[in-house]
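Okay, so here's the structure we're looking at.
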Protein chains: 4
Amino acid sequence: MKVIVDFCITPLGVETSLTPYIVECQLILIDMGLSHQLHAYGTNIEGEWEVVMEAVKRCHVRLHEMGAPRLSSQLKIGTRSDREQTKTIADKVEHVRAHLAKQAP
Amino acid sequence: MKVIVDFCITPLGVETSLTPYIVECQLILIDMGLSHQLHAYGTNIEGEWEVVMEAVKRCHVRLHEMGAPRLSSQLKIGTRSDREQTKTIADKVEHVRAHLAKQAP
Amino acid sequence: MKVIVDFCITPLGVETSLTPYIVECQLILIDMGLSHQLHAYGTNIEGEWEVVMEAVKRCHVRLHEMGAPRLSSQLKIGTRSDREQTKTIADKVEHVRAHLAKQAP
Amino acid sequence: MKVIVDFCITPLGVETSLTPYIVECQLILIDMGLSHQLHAYGTNIEGEWEVVMEAVKRCHVRLHEMGAPRLSSQLKIGTRSDREQTKTIADKVEHVRAHLAKQAP
């Protein structure tokens, strides 16, 4: 089952800057060869359910190893059965933009 | 790794009442013997990472089988490494209530 | 416009225990007379859009005053136009439980 | 109070394609002159608390007018008091990318 996920992980009980933790998660996604796109409040990830969920788990394990005593993640998970999840992350954004271009003044 | 999760699944492209879908997910949680607590905008679930995530996946698979062409889930995932996740769902609520009782007029 | 909301606020850059912050938000909800229900990963709140959103804002302002340098909230917002949002937080949970009782073994 | 928000609105009880609804929300953001960035699972928005929340409300009102009987939104809200929220949506992504560039092989 293919999924498109939006993933945002929040370490608690650490200093205010979260950059080192976010960078570490990006490296895990790169290392696993997962298609992903960082935005200002999380990261879109696409792939097979098990692989994407394994990535999320590795991020939790890794951030605890880095010293975060407590983690809270927010995940949105999209699946569909009506047709292949053929639209990629980029396609989805492009699709809305194309429709928007017809209507925006 | 123990997790406390908040899970809310939304079927798209179906009728307005979501009750049959929510009931089905509750049955999956009961069947898997997972400790859980329904609230008005989702369900708290606690257990081992793999078991809880397997439950979430089974809900997606089952709701697609029931005819939902498209699903979007929201998941919050809490883990900690500073001490055993000994506090249960009920403990967490009780803990806040006890502190609140001391302060509320 | 009536809303049912699920609200979870996370202070960043503070110690690991979030209890004092959660208690403070509960006091704000009580003070504003908003119907609400705490669960293990957030709080359900119901009321008029403006009042509920004002409560959320007051929580952000108050937690910054308490010393949290950075806050991240998760909010789910439910509205409907097909009928009055007559179902309360308690009704919604009861409704699923009643259906579940018929089907659970 | 400045906020960075991630906003994802889900109409229930409508057909499977959500594009017309997403487009409509983008038009509201453009019309209000709010800085925003669409991604594959929501939209980042930045601005003053009241203005951003007014935009979210207008999206709910407009989508009900378009015929959606029921709506469920997910919102993440980030605020900070330690320094001006000077980092824009673009800055935040760029900041992580710059750190990543130093570490990725």
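Each value in this text was obtained by applying a stated rule to the coordinates, not by laboratory testing. Computed from a predicted model, the values in this text were never measured in an experiment. We place every Cβ from the backbone using ideal geometry, glycine too, and count neighbours over all the protein chains shown.
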The answer for trypsin sites (Lys or Arg not before Pro) in segment D:16-105 that fall in a DSSP coil and have at most 14 neighbouring Cβ atoms within 10 Å is D:Arg83
Shortest first and in nm, the label-point separations between C:Arg83 and its counterparts in the other identical copies (7 Å out along Cα→Cβ) come to 3.4, 4.7, 5.3
Taking every residue of C:5-11, the Cβ atoms of other protein chains inside 10 Å of its Cβ average out to 5
Once the dipole of segment A:2-103 is set up from charges on Cβ (+1 Lys and Arg, -1 Asp and Glu), the residue from the list A:His95, A:Gln37, A:Ile4 lying farthest towards its positive end is A:His95
Per residue of B:33-40, other chain Cβ atoms within 10 Å number on average 5
Residues B:Glu24, D:Glu46 in order from fewest to most other beta-carbon atoms within 10 Å are B:Glu24, D:Glu46
With one decimal in nm and the nearest listed first, the spacings from A:Ser35 to its own position in the other copies, using label points 7 Å along Cα-to-Cβ, are 3.0, 4.0, 4.5
Taking segment B:2-103, the lysine pairs whose C-alpha atoms sit under 23 Å apart (8 or more places apart or on different chains) add up to 9
With Cα coordinates, the longest principal axis of chain A makes an angle with the long axis of helix A:89-103, in degrees rounded to 10, of 50 degrees
Heads up, the protein assembly as shown by the C-alpha gyration tensor (a ≥ b ≥ c square roots of eigenvalues; a/c under 1.5 rounded, else a/b over b/c prolate, else oblate) looks rounded
In degrees rounded to 10, the 0-90 angle between helix C:19-31 Cα long axis and the longest Cα principal axis of chain C is 60 degrees
Amide H contacts under 5 Å for C:His39, restricted to residues at least 5 apart in sequence or on another chain and with H modeled in the peptide plane, are C:Asn44
For B:Ala101, inter-copy label-point distances (7 Å, Cα→Cβ), nm, shortest first, read 2.8, 5.7, 6.3
For peptide B:14-20, the mean count of other chain Cβ atoms within 10 Å per residue Cβ is 5
Sorted by chain and number, the residues with a modelled amide H under 5 Å from that of D:Thr10, at a separation of 5 or more or across chains, are D:Ser72, D:Ser73, D:Gln74
Expected vector for segment C:49-64, Karplus 3J(HN,Hα) from phi with 6.51, -1.76, 1.60 and θ = phi - 60°, integer Hz, x for Gly and Pro, equals 2, 4, 5, 5, 5, 4, 4, 4, 5, 4, 5, 4, 4, 5, 6, 5
The chain C residue whose Cβ lies closest to the rotation axis carrying chain C onto chain D, with that distance rounded to whole Å, is C:Leu75, 2
For segment C:2-103 (alpha-carbon point model, no solvent) the Debye-based log₁₀ I(q)/I(0) at q = 0.10, 0.12, 0.14, 0.23 Å⁻¹ works out to -0.32, -0.44, -0.58, -1.23
Measuring from its Cα centre, segment C:2-103 shows a charge dipole (+1 at each Lys and Arg Cβ, -1 at each Asp and Glu Cβ) which, in debye to the nearest 20, is 340 debye
Diffing segment B:5-15: the Karplus 3J(HN,Hα) column from phi (6.51, -1.76, 1.60, θ = phi - 60°), in whole Hz with x for Gly and Pro, holds 10, 10, 10, 9, 10, 10, x, 9, x, 10, 4
